[in-house]
1. Take the residues of the range 68-87 that are surrounded by fewer than 16 Cβ atoms within 10 Å (Cβ to Cβ) and part of a helix (DSSP H, G or I): which is nearest to the chain's Cα centre (by Cα)?
2. Given the residues 20, 44, 26, which is the only one that is at pLDDT below 95 and either closer than 15 Å to residue 87 by Cα or assigned to a helix (DSSP H, G or I) (or both)?
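The values are calculated or read from the model by the stated rules, or taken from the named source; none is laboratory data. Note that this is a predicted model, so its numbers are computed, not measured. Quick reminder, even Gly has a Cβ in these numbers, built from the backbone with ideal geometry, and neighbours come from all protein chains shown.
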Amino acid sequence: MSTSRSSLHLAPRRLTPGPLVCARILGEHIQAARLRDGRPLAELAPLAGLTVPEWESIEAGQAPDNVEHVLVIVMALRLGRSWIPYLSQLWAMARPLPTLGE
């Protein structure tokens with residue numbers, strides 16, 4: 001019997017989702033919260049300083065340009081402060097890594 005370990009016996013690595021997955025998850029959370037809220041998007045988007053198409057693009061998986069948009073969306077949806085760290089972290093993970101020279 002061999003004493004070498006098979007690769008199947010190695011400890012599993014934790015995988016971090018990529019930016020596209022994080023942006024999609026962020027958008028899904030925002031959409032679910034909006035649907036639970038019940039107010040029309042035309043009412044909510046201006047409360048967050050966004051147009052309806054901008055809000056829809058966030059829900060579709062396009063991460064906002066800055067984290068402040070996430071914060072005002074949380075406020076517009078009345079989600080409470082407990083959501084801020086989680087959604088902010090998703091936003092940060094959804095941002096593409098800067099390339100050298102930026």
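1. Checked the range 68-87; the qualifying residue nearest to the chain's Cα centre (by Cα) is 86.
2. The conditions single out 20.
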